[in-house]
1. Using Cα-Cα distances under 8 Å and only pairs 6 or more residues apart, what relative contact order does the stretch A:85-236 have, in percent?
2. Students sometimes get this wrong: rank B:Ser519, B:Ser349, B:Ser281 by accessible area, probe 1.4 Å, all chains present, largest first.
3. Put one equal scatterer on each alpha carbon of the stretch B:89-235, apply the Debye formula with no solvent term, and list log10 I(q)/I(0) at q = 0.11, 0.14, 0.17 1/Å to two decimals.
4. Would you mind putting B:807-814, A:185-192 in packing order, based on average other-beta-carbon counts within 10 Å, highest first?
5. Put A:Glu275, A:Glu330 in order of accessible area, largest first, 1.4 Å probe: what do you get?
6. Sorting A:Lys53, B:Lys218 by accessible area (1.4 Å probe), largest first, what list results?
7. Report, as a whole number in µm² per second, the diffusion coefficient that Stokes-Einstein gives for chain B at 10 °C and 1.306 mPa s using the Kirkwood radius over alpha carbon pairs.
8. Tell me the trypsin sites (Lys or Arg not before Pro) within the stretch B:271-345 that lie in a loop according to DSSP and have at most 12 other beta-carbon atoms within 10 Å.
Amino acid sequence: MASSEQVKKQLEQLTQCTKEEERYDGPKFSPPLYVQRYQQVCEEIKGCGLEIKQIADFGCAECKLLQRLKYLRGVQRLVGVDIDRNLVDWNQNRLKPILSDFIHRRETPLCVQLFCGSVVEYDQRLANMDAITLVELIEHLHVETLAALPNMIFQQLQPSLVIVTTPNKDYNVLFKDLKGMRHWDHKFEWTRQEFQNWCNVIAAKFSYLVRYSGVGDPPPGSESVGRCTQIAVFVKNKQQLRKSLMIESRPYELIASFDYPYEPKPHWETQLLLEMQYYVCFLCKQYEIERQQLEADEGSGGEVTACVKIPLKKLLLFPKISKHCRDVEELRKFILSTKQWVLDGKGCSILITLDTIQESHFFDNGFHVGNGCEENTGTDDAFLTSGNNLPLPEEEELWT
Amino acid sequence: MDSGAPSGRARGRARGRQRGGPVEQSRRPGAPAEVAPVPPPPTQQQEPPAVSGRASHRGGARGEPRPGDGALVEQMAAAGIGDQGSRRRAIGSSTEPNLRPSNMPSKVGTMGTPCQVISNFFKIESNPNWCLYQYHIDYSPNIESIGMRKAMLGDHRQSLLGQNYLFDGMGLYMAKRLEQEETEVYSKRKSDDAKIRINIKRVAELRIASGAGEADAKLIQVFNILFRRALSMIGMQQVGRHYFDQQQAVKVERHKLEIWPGFQTAIRSFDGGIMLQCDVSHKILRIDTVLDLMHDISQRSRQDFHGACSKVVIGAIVMTRYNNKTYPVDDIDWDQNPSSSFKKKDGTSMTFADYYKATYDIVIRDLKQPLLLSQPSKRDIKAGRTMALLLVPELCTMTGLMDETRSNFQVMKDIAVHTRISPMNRAERFEKFIKRLNGDDKVSQMMADWGLRFSNKLVNFSARVLPKETIMQKDAKLDFLPHEAEWAKAARGKPMLSSVNLTRWLLVVSRYDKDLATSALNALQRVAPPLGMQIKNPLVIEIPDDRTNTYLQAIRENLSADVQLVMVIVSNDRKDRYDAIKKLLCVDNAVPSQVIVSRTLKKQAMVMSVMTKVAVQLNCKLGGEAWSTAIPLDHTMIVGIDTYHDSAQKGRSVAGFVASTSGQRRCTKYFSCVSFHHVHQELLHSIEVMFNSALNAYHGIHGQLPERIMIYRDGVGEGQLPIVKEHEVAQFLSVIRRLGEDYRPKVTFTVVTKRVNARFFQSTARDLVNPNPGTVIDHEVTNPQRWDFYLISQSVRQGTVTPTAYNILYDTSGLPADRMQVLAYRLCHMYYNWPGTIRVPAPCQYAHKLAFLVGQSLHKEPHLALADKLYFL
């Protein structure tokens, strides 16, 4: 097998369409330029002031932009399209919901779909996009494709927001060993003037407003060459409503589709009740620890107090409770309404009778008196296979 | 904070178990190749392979075919990412080692009553002539990158290969037979339009049941890859080696936990052929982040916040929010926070907050939180990650249960509702699972393309129930119900096999519990004589309070050379006091002791039954024998070994070594000793020392050395069997060799495994139930590379019984399989703390008890004078 270095290099050649700027001897970017590009695209979407629920990324390649877009608030559908089927197929795992997506569930649904297809073919499944991104895509297109692109994006799909990025040819002078273009597959690279000309024509023709920005600041002294990547942000003129096209057309091949788990936030009372149950239990444990410390220092005095007081004030120290209740009064009202706990005379503390605690305490060391010792005899308890093994409690009846 | 100091037993346990758990093994790709921030390397030495207790269970997988390794190769290349520490393995590169003893007889026995059992295995079915074709792929000019190799071969998916093939970069596997022995196709390299010739050469036809060895290993790996694909097709979520069904997840929100039911599956080669083994498992996850938890703790315990935090977090396995990885937490770094910088590989510095922003677009809200430190595992080091990682608590969730939760009865009860399943339900879950799999369109399409099927039925075959054993006491044979395997009632009021009278002893009690102690003493003196034991009045020492020191002082002042035993009544189960008392009596002195918590004595109705148990225990601690089964071998020494981690010293384990010295067709008296060793260390020389002293003790009693030595080793993970075979067996043999040419005892070395995934059910008219105690399974689902059998020796009342696996690694006894099975079963009757059968041979359980006492309480070698008594009961 080849050394990992070699493998990496070749892999880069094969799949690399994001990091080419890092390869030439030129200014170094931190964070890397492609990351800055993605960050900027996210920022533009966040800051556009429009309600963006559906986003399509043409030329999604390694799906890294989509991976970031899924964290944008309010996004409910993400679509990635690329002409290279294998590339998308291999990278689809990036977009699969990961474990934490199942634990920290979203509050709104999210569907991510990946298609194989061409940017100049109309597919009805992309008809309702709010935003479309074309990141480092146009420079890979042949002349005829490029010519057909504006009509497809701005006329047929008509999203509210379009973001286009492409290399800035003016900047290339700073790459010392760069001959020709930044990537073997680039069909052209544009100067700022060329790019802006192209964009301005589009904006005028399809009634969009366009503004320009970029990422990858030039080093001091070379400011005149502009930023390494140029970005155009198109916003649709508000007056113009989207005319829905009624074309039945599904030329794209669906490669993957992922539905993210979600769960609307429960009512605050339900939330608070659960938090209360948790923290009461949590504080009882503390009581026990303290009692043990006390006994270790002074001896138990033989008698154990009959119940534990948990001051409401103490509960309010936990942000997850104080979030719902501003003061003791509110919390008291809530507790009384739940009828789950008993308050002391003044209504300032919850009373937990010792039995409840002792029961748990009783089993602390697997102290099973009289009843058979299941653990000893090896009851299957599921913890044995859960990856966290329940310790076999001291199986016998007595501490020896 | 003193991070080096372990925080008592909580931590010890957490480390011991959690690290060992399967969660650990989830460092898998599928996740992006970015590495988390890497601070300067700590000094870390590579250690030899470890064989110890559960603590190093994780070692695992040496030689054990890892389902999914193949899949890993695929995913890696598929993701188009560089090899960042994951092992790439070609298909067929791992075969299961042969662990059979050299002169193994047939492992199938005949004794007992046959019965039909159902087990959690599914057969893999295929057409009679099915085979898998293996092709070798060559590129010319040669292509190094696996990703590119795959891409180029992928060009011929439509025209030649079809959708269903597996390619690991070198070998191509598919059910389709290419007409020509060698096929040539061409692909174009995109970067320079070069024409690449691909040569596809047929090299092998792999058939099921072609016998063990390489073909099987390859088939198994291919099957596992397919199976994993199928699982993800039906939407199961992978965590480590387990698959979980998040749609069935249950939230136990009042405890901030979530339980995911799932399956642990593996396709392996068994005596009955290649089968899918499937067991139910549950994943328990915390819903809140580690930072939330730290905040909560800070509100709760203000004084010793750092200590309290460490106790909870260190040793836990955390899962990070931004990738699918899990890490063990080894320490908390209170001096750093997300705005601290770390050095990146290229030498530049970056703050953690910036790093997460740039890499994952995650904004860290709390910039003052400390960081969690995770040392690389041995596997990571192998894979090239030698530096510790720092993790941000806000981005981590804990998996598994905290000790605090674990010890909370209410929580455990709420969890058990979801996790404890009856045999019937379990079997139903398996069948539902396989039906769901077979019923899925995509899966059945894929499997049909490969020409394979999973059987819809669990395997069904015959097992045997060994004859019921006779329990002998002094002048009675005890009778009991076979399915209960318990004789507490039968033994009531009958004299024990041999007893020691208690004449000189101390009873220490605080004045609060004086009355309880008096009534308990009365009860004890009433129940003892019928058991054949005389108990004289003790010297009662009443102490004014229940402070630990008061107890210790009272004992010290009254202890004299002729005191046989000290009984201590304490007001609650505080561990430090218990530890101190045990240390005083087991280490500093050599007096057996009995500690009783006063609460046990409070229920009047229970006192008699409690005291009966105490009397039996006292007798055994003093050197008496409670009962016996017949051990049909003369001059035999039976050895039990188990390990337990030391709660006082991180990374240290205790090995308990117990050897029977009865010799005369019995196994009732024992010699015991312990040794300490590091988790990363083998028991190497310590076994020699311990075995040597055991032989001395035997010689001292019988005037000769044992003719047979049967060793039962517990506390070893599946994957460690080869190391145990290699190292530990050798130590026993080398001691024997040193005793001279003419000393040639017959030696048997058996590894006892309690954590097994096999389950067995017996069907009755309308239900599936646990098989009766004594059921032995020695074919069909056993391992062709081993002399193994499963024995169900215990009876359980709830849930599904877990069988115990026995692996005979070395044997010169010449005993047939039947005898081995019966002997193991008999030994399961011999544990004096439980009047019934237990799940492991008694010597193992004694060894466990001993290691537990030393690891949890004593932390030092017990006094030598106690070595011939079961003081640790």
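1. Relative contact order of the stretch A:85-236: 23 percent.
2. Values: B:Ser519 40, B:Ser349 80, B:Ser281 0 Å².
Ranking B:Ser519, B:Ser349, B:Ser281 by accessible area, largest first, yields B:Ser349, B:Ser519, B:Ser281.
3. Debye intensities relative to I(0), on a log10 scale: -0.57, -0.82, -1.08.
4. B:807-814, A:185-192
5. Details: A:Glu275 35, A:Glu330 55 Å².
The ranking, largest first, comes out as A:Glu330, A:Glu275.
6. Values: A:Lys53 80, B:Lys218 25 Å².
Result, largest first: A:Lys53, B:Lys218.
7. 53 µm²/s
8. B:Arg302, B:Lys345
The values are calculated or read from the model by the stated rules, or taken from the named source; none is laboratory data. All values reported here derive from a predicted model rather than from experimental measurement. Reconstructed Cβ throughout: ideal geometry from the backbone, glycine too, with neighbour counts over all protein chains shown. To get the accessible areas, we keep the full protein, side chains included, count just its heavy atoms, and leave off ligands, DNA and RNA. Shrake-Rupley method; radii C 1.70, N 1.55, O 1.52, S 1.80 Å.
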